[in-house]
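Values in this text are rule-based calculations from the coordinates and carry no lab data. From a predicted model like this one, the values you see are computed outputs, not experimental measurements. Don't worry about glycine lacking a Cβ; one is built from the backbone with ideal geometry, like all the others, and counts go over all protein chains shown.
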Amino acid sequence: MNPKSLRLTFVFFIHGVLISSLCFLLSSSQALAEKAPRFKVEDVYQAEDIVWGLCFLNPNEILFTQKKGRLSHLDLKTKKLTPITGLPEIQPRGQGGLMDVQAHPDFEKNSLIYFSYSAKNKENSWTTRIARARLEKSELKDLEILFTANVDSNKGEHFGSRIVFDGKGHIFFGIGDRGQRDLAQSLEYHNGKIIRLNENGSIPKDNPFLSTAKSRPEIWSYGHRNPQGMARHFETGEIWSNEHGPRGGDEINLILPGKNYGWPVVTFGREYWGPKIGEGTEKPGIENPFYQFTPSIAPSALLIYSGKIFPEWKGHFFSSALVMQHLNRLAVKDGKATQEEKMLRDLNERIRNVVESPAGQIYLSTDSGRILRLTTN
């Protein structure tokens, strides 16, 4: 074959490969589009402040918190809003305020709700507290402070703090580093930790650092920056968390007892003004993140979806995104992340919370006070 013919053959070969590749990509994209469920976004309620926490009491009633210190009951059928009285003194400070609220799994029998909030623990110092109380009509009664983080910080960042029941008599919640990053590696402080307690606030006898000298026995894991989202996997019972990184390096982690998640020794993020932080992105003895977001999306809540009305999303991880203003969907198959999608960007909203209703609808809340739901089209 002469050189000219050889060149033509090569050109046609490359052209065929490109066409085949393009066709494959188009068919793959079409397949993904065909698998994506159809849904619509509905407005449920408009509040006056950041809707931080939201939980279902039953299929037709929710409780939600507003950051400045309001707890409200909303009837989803009638849209009737009822303020709840009896809260303890709440001192909003920067990112702190009245944060998460969760109904006990046996709420219908015991009427217990749990909530997290920022409080002043001494002069010029704020901390995170976990409390519970009985909800009787529109009033909280028999209030108990279950936990006060031993944090001494006047800063306004990184309070945590979602609350999750593990179905085995325990609650989990996160405490951020409160701007004192090095304390996230110290077991003497609650800064930058995931905490595990019995539902009554006592310390479980099998917590990993119960017998470790100078450690706080409530600690379950450490080395976290600001674990603001948390979820229990509906099938495995595993506890997962997402947390804010600095500039880049937001993480999703499987939370295991006694493990070190690295902050600030290792991170995929950098200082806001540019320099690197710590020793790199991994180190022996430190857990690698299941998934990391660079650039940051600022994840504030985490949902592992059951697939009730959107079976295509069964087992997918949904993170509410503040900075990137979207709902982040991470497809997970065989224990691995396979696809990331930034949903609802056209809302132009800082999405604060994401939860699943008993019927399988996905409810969202925003920093502008909106409560929304994703339901079938």
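Among residues of region 340-351 that are touching a residue at least 24 places away in the same chain (Cβ under 8 Å), those with a Cβ under 7 angstrom from a residue that is in a loop (DSSP other than H, G, I, E, B) and of a type in the set (Gly, Ala, Ser), sequence gap 6+ or separate chain, pair up as Glu349/Ser368.
From the list Asn348, Asn328, the lone residue that is farther than 23 Å from Gly179 by Cβ and under 18 Å from the mean Cα position of the chain (by Cα) is Asn328. Would region 250-266 turn up any residue that is without any contact (Cβ under 8 Å) to a residue 12 or more places away in the chain, out of contact with any strand residue (DSSP E or B) (no Cβ under 8 Å at 6 or more places or on another chain) and not acidic (Asp, Glu)? No, because not a single residue in region 250-266 is without any contact (Cβ under 8 Å) to a residue 12 or more places away in the chain, out of contact with any strand residue (DSSP E or B) (no Cβ under 8 Å at 6 or more places or on another chain) and not acidic (Asp, Glu). Filtering region 231-251 to residues that are buried (at least 24 other Cβ atoms within 10 Å of the Cβ) and part of a strand (DSSP E or B) leaves Ala231, Ser241, Asn242, Glu243, Asp250, Glu251. All of Asn121, Asn150 fail the test of being under 25 Å from Glu243 (Cα atoms), out of contact with any Asp or Glu (no Cβ under 6 Å at 6 or more places or on another chain), polar (S, T, N, Q) and outside any loop (DSSP other than H, G, I, E, B), apart from Asn121.
Candidates Gly192, Gly167: the one that is at positive phi and surrounded by fewer than 22 Cβ atoms within 10 Å (Cβ to Cβ) is Gly167.
Restricting attention to region 207-228 and to residues that are surrounded by 22 or more Cβ atoms within 10 Å (Cβ to Cβ) and over 17 Å from Leu256 (Cβ atoms), the residue that is farthest from the chain's Cα centre (by Cα) turns out to be Arg225. Looking at Gln339, Gln325, just one residue is farther than 30 Å from Ser215 by Cα, surrounded by fewer than 18 Cβ atoms within 10 Å (Cβ to Cβ), touching a helix residue (DSSP H, G or I) at 6+ places or on another chain (Cβ under 9 Å) and of a type outside the set (Asp, Glu), and that residue is Gln339. On inspection, Glu312 does not qualify as over 18 Å from Gln292 (Cα atoms) and in a loop (DSSP other than H, G, I, E, B).
Each residue in region 45-66 was checked for being buried (at least 19 other Cβ atoms within 10 Å of the Cβ), assigned to a strand (DSSP E or B) and not small (Gly, Ala, Ser), and 10 of them qualify.
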